[in-house]
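Participant: Handing you this structure, nothing more for now.
The values are calculated or read from the model by the stated rules, or taken from the named source; none is laboratory data. Bear in mind that the values here come from a model prediction, so they are computed numbers and not experimental data. Heads up, the Cβs are rebuilt from the backbone with ideal geometry, glycines too, and the neighbour counts pull from every protein chain shown. The protein model used for the area step is the full one, side chains on, heavy atoms only, and it has no ligands, DNA or RNA in it. Shrake-Rupley method; radii C 1.70, N 1.55, O 1.52, S 1.80 Å.
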Amino acid sequence: MADQRKKKAHKPAGQQDGQPPKKASKRPMKKARGGKKHKPAEVATEAVSTPVESPVTKPVPLAAVFQPVDAKEKRTRKREVKAPVVVEEAVPSDDASEDSEANRRRRRGGRRRKKGESQQGEAVEALETEDKTDSASTMRRRTRKRGEDQASEGGTTRVDAKRSRRRDSRPHQRKRPALLSEAEFLARRENVERVMVVREIHDRVQVAVLEDGILVEHYVNRQGSGSLIGNIYLGRVQNVLPSMEAAFVDIGKGRNAVLYAGEVNWDAAGLEGEEKRIEMAFKTGDPVLVQVTKDPIGQKGARLTAQISLPGRFVVYVPDGSMTGISRKLPEKERNRLKTALRSVISEESGVIVRTAAEGASEEDLIRDVSRLTAQWQDVLEKSKTAQPPSLIYSEPDLAIKIVRDIFNEDFKELIISGNHIWEIIEDYVKFVAPDLQERLHKWTDSKDIFTHHRIDEQLAKALDRKVWLPSGGSLVIDRTEAMTVVDVNTGKFIGEGGNLEQTVTRNNLEAAEEIVRQLRLRDIGGIIVIDFIDMVLESNRDTVLRRLIECLGRDRTKHQVAEVTSLGLVQMTRKRIGQGLLETFSEPCEHCNARGVKVHLDVSQAKTVLEPEVHDSV
């Protein structure tokens, strides 16, 4: 009886009556992540579950309970007691235990496979490794993005600087800001009041363009020092440099002009089927018909082109070109209308480029303009056959006529002219070319100087200064070097009105962008231009300033190109350099400092020294 009670007392909970007892498993125990051993899930369930009703109904004698137990059974009991805590934390379910077991096998150096599954297992393991790598990288990107979003929501603008710089370095984010739409461009152009003022005084003629009373462009022409741009010469080749891909041509102006290989008219050179090299097209002493595209500047001679074009009121006639182009500043509907009207005007042997002034022009106006330019070209060809190089074949009209032809259109409210001689010239030209604009011509009859009345002289004097003040109190510092022009933007007296530092800096930069474009047009600055705006940490603010700069440059007729913002926050741009700027026109180099603007002292005693601060002994 005692033996039966002993068997019932030590019978496992999962064993039924009449079944033999289960043998202890001899399989080595698996380690969990915590480093502790545990038994299979069913053993864990046995140890954790506590029966509500004991199968023993009679009291067990103390002698039966304190029976000697062998060492093996004692170790099994200890394991059964320790197992529940580990299994309850590390193995919550059968699926999780299988996943953790598979992960442990991977970490131990590979999965146990059968002989027939070795190759298939290796392929599966490789795919799993790739998936694991992809998921890990995706998780890192999500984590980084989540951190950036949190920083943008709870941080300041300075904290978001790293996020903005990281975004700048991504290729897909470095895009050019969107330009003005057609509606915005037309609205802005119509809201500006433009006035052209022409003054003839002594031996020079000055032309000023005002927008809302502010001087934006200025042109001056002295007798004997007119521009060569647009003139057509029959020159003589003096030297050909294959290594420079250029030819130097004598046009009768003392200094030889340069003709680069990219400006050669290869159709007229007759090099069909041969290599297009400049030494094959020209030899020393050959006559060549060229046109000036850039005036001599400094030590550089004039720049020439053999692809001649004749500018008119509405179109630019290209005799040897078969391509037709239309100004991009015109609206899309107007471009389509002009493209349709030009089909009956252009011949197959020549081409035209429609100018901005052709907006609203009828088909008869285009035909008349093209016919006049065609007659001019025939006259140039006849003169070039009988002339001896070097000689002038065609000369551009005076500066006043050229500016009126290129700029004056329906966007201008009026054209005011001071001077009897220049009044007759401009009036006759407008009557012949654009009679519809004749009513906008006005002759200045007041005794007061016209430039003084419109405060043009005052604005010219400020445009010659190195420092330019902004309306809000900021300032620009413009320095010209041999290679480029550098513009520095400063806040100056502007301290903002509420907000934070980022808003103050952005507002100052927006004003600076508009003023910089005005100064470029007024001073006629060309070449490489580097603008140092005040640092902005938000990408949206930098895009806004760059967009404002490009929008304002839309009013500039001179060819320009804006590059991307550099890593140092500088804006790089180029502007075609055609002639002398405003500073060179109204100034001359200093003979003492050679235009450096500094006094050099070789003797140290004559140089200005900085006093050292006094040092007081502390008690």
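Participant: Taking region 491-507, which residues are in contact (Cβ under 8 Å) with a residue 24 or more places away in the chain and buried (at least 17 other Cβ atoms within 10 Å of the Cβ)?
Facilitator: Matches in region 491-507: 491, 494, 502, 505, 506, 507.
Participant: Does region 414-431 contain at least one residue that is out of contact with any strand residue (DSSP E or B) (no Cβ under 7 Å at 6 or more places or on another chain) and assigned to a loop (DSSP other than H, G, I, E, B)?
Facilitator: no
Participant: Out of everything in region 384-403 that is assigned to a helix (DSSP H, G or I) and free of Cβ contacts under 8 Å to residues at least 40 places away in the same chain, what residue ends up being farthest from the chain's Cα centre (by Cα)?
Facilitator: That would be 386.
For every residue, the table says whether it meets (1) without any contact (Cβ under 8 Å) to a residue 12 or more places away in the chain; (2) charged (D, E, K, R); (3) closer than 27 Å to residue 558 by Cβ.
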{"position": "440", "(1), (2), (3)": "no, yes, yes"}
{"position": "453", "(1), (2), (3)": "yes, no, no"}
{"position": "460", "(1), (2), (3)": "no, no, yes"}
{"position": "468", "(1), (2), (3)": "no, no, yes"}
{"position": "519", "(1), (2), (3)": "no, no, yes"}
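Participant: Still on this structure: Which of the residues that make up region 527-572 are closer than 20 Å to residue 490 by Cα, more than 11 Å from the chain's Cα centre (by Cα) and part of a strand (DSSP E or B)?
Facilitator: 529, 530, 531, 532
Participant: Select from region 253-285 the residues that are assigned to a loop (DSSP other than H, G, I, E, B), within 24 Å of residue 395 (Cα to Cα) and open to solvent by less than 50 Å² (accessible area, probe 1.4 Å) and list them in ascending order.
Facilitator: Scanning region 253-285 gives 264, 265, 285.
Participant: Can you name the condition, by its number, that residue 226 falls short on among (1) modelled with pLDDT under 85; (2) of a type outside the set (Lys, Arg); (3) over 38 Å from the mean Cα position of the chain (by Cα); (4) closer than 25 Å to residue 381 by Cα?
Facilitator: For residue 226, the exception is condition (3).
Participant: Here's another thing I want to ask about it. Of all residues in region 228-245, which are surrounded by 18 or more Cβ atoms within 10 Å (Cβ to Cβ) and assigned to a loop (DSSP other than H, G, I, E, B)?
Facilitator: Those that are surrounded by 18 or more Cβ atoms within 10 Å (Cβ to Cβ) and assigned to a loop (DSSP other than H, G, I, E, B): 228, 231.
Participant: Among the residues of region 392-410, write down those that are open to solvent by 30 Å² or more (accessible area, probe 1.4 Å) and not aromatic (Phe, Trp, Tyr).
Facilitator: Residues satisfying the conditions are 392, 395, 397, 398, 399, 402, 406, 410.
Participant: Something else: Out of the residues in region 339-366 that are β-branched (Val, Ile, Thr) and over 23 Å from residue 228 (Cβ atoms), state the one that is surrounded by the most Cβ atoms within 10 Å (Cβ to Cβ).
Facilitator: 352
Participant: Sticking with this one: From the residues in region 203-217 that are open to solvent by 20 Å² or more (accessible area, probe 1.4 Å) and in contact with a strand residue (DSSP E or B) (Cβ under 9 Å, 6 or more places away or on another chain), which one is modelled with the lowest pLDDT?
Facilitator: 203
Participant: Follow-up question, since we're still on this one. Could you please find all residues in region 563-619 being over 30 Å from residue 529 (Cβ atoms), modelled with pLDDT of 70 or more and not aliphatic (A, V, I, L, M)?
Facilitator: Within region 563-619, 601, 603 meet the criteria.
For (1) touching a Phe, Trp or Tyr at 6+ places or on another chain (Cβ under 7 Å); (2) more than 30 Å from residue 589 (Cα to Cα); (3) assigned to a strand (DSSP E or B); (4) of a type in the set (Lys, Arg), each residue gets a yes or a no:
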| position | (1), (2), (3), (4) |
| --- | --- |
| 486 | no, no, yes, no |
| 494 | no, yes, no, no |
| 508 | yes, yes, no, no |
| 522 | no, no, no, no |
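Participant: Right, next: Can you report the number of residues in region 307-321 which are touching a Phe, Trp or Tyr at 6+ places or on another chain (Cβ under 9 Å) and either in a loop (DSSP other than H, G, I, E, B) or surrounded by fewer than 20 Cβ atoms within 10 Å (Cβ to Cβ) (or both)?
Facilitator: Here the count works out to 4.
Participant: Determine whether region 462-470 contains at least one residue that is crowded, with 18+ Cβ neighbours inside 10 Å, within 19 Å of the chain's Cα centre (by Cα) and of a type outside the set (Val, Ile, Thr).
Facilitator: Within region 462-470 (the criterion being crowded, with 18+ Cβ neighbours inside 10 Å, within 19 Å of the chain's Cα centre (by Cα) and of a type outside the set (Val, Ile, Thr)), the answer is no, since none of the residues qualifies.
Participant: OK, next. Among the residues of region 335-376, which ones are among the acidic types (Asp, Glu), touching a residue at least 24 places away in the same chain (Cβ under 8 Å) and farther than 22 Å from residue 404 by Cβ?
Facilitator: Of everything in region 335-376, those that are among the acidic types (Asp, Glu), touching a residue at least 24 places away in the same chain (Cβ under 8 Å) and farther than 22 Å from residue 404 by Cβ turn out to be 348, 349.
Participant: Can you run down the residue pairs with Cβ atoms below 6 Å, 6 or more apart or on separate chains, where the first is in region 195-213 and more than 21 Å from residue 556 (Cβ to Cβ) and in contact (Cβ under 8 Å) with a residue 60 or more places away in the chain and the partner is open to solvent by 20 Å² or more (accessible area, probe 1.4 Å) and in a strand (DSSP E or B)?
Facilitator: Pairs that qualify, where the first residue is more than 21 Å from residue 556 (Cβ to Cβ) and in contact (Cβ under 8 Å) with a residue 60 or more places away in the chain and the partner is open to solvent by 20 Å² or more (accessible area, probe 1.4 Å) and in a strand (DSSP E or B), are 199/418; 205/221.
Participant: Listed residues 573, 536; which is open to solvent by less than 30 Å² (accessible area, probe 1.4 Å) and more than 14 Å from residue 517 (Cα to Cα)?
Facilitator: Answer to the selection: 536.
Participant: List the number of the failed condition for residue 480; all other conditions in (1) open to solvent by less than 50 Å² (accessible area, probe 1.4 Å); (2) touching a residue at least 60 places away in the same chain (Cβ under 8 Å) hold.
Facilitator: (1)
Conditions (1) modelled with pLDDT of 85 or more; (2) surrounded by 14 or more Cβ atoms within 10 Å (Cβ to Cβ), marked per residue:
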site: 324; (1), (2): no, yes
site: 330; (1), (2): no, yes
site: 337; (1), (2): yes, yes
site: 368; (1), (2): yes, yes
site: 377; (1), (2): yes, yes
site: 424; (1), (2): yes, no
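Participant: Give the residues of region 322-331 that are in a loop (DSSP other than H, G, I, E, B) and either of a type in the set (A, V, I, L, M, F, W, C) or more than 23 Å from residue 407 (Cα to Cα) (or both), sorted by residue number.
Facilitator: Answer for region 322-331, where residues must be in a loop (DSSP other than H, G, I, E, B) and either of a type in the set (A, V, I, L, M, F, W, C) or more than 23 Å from residue 407 (Cα to Cα) (or both): 322, 323, 330.
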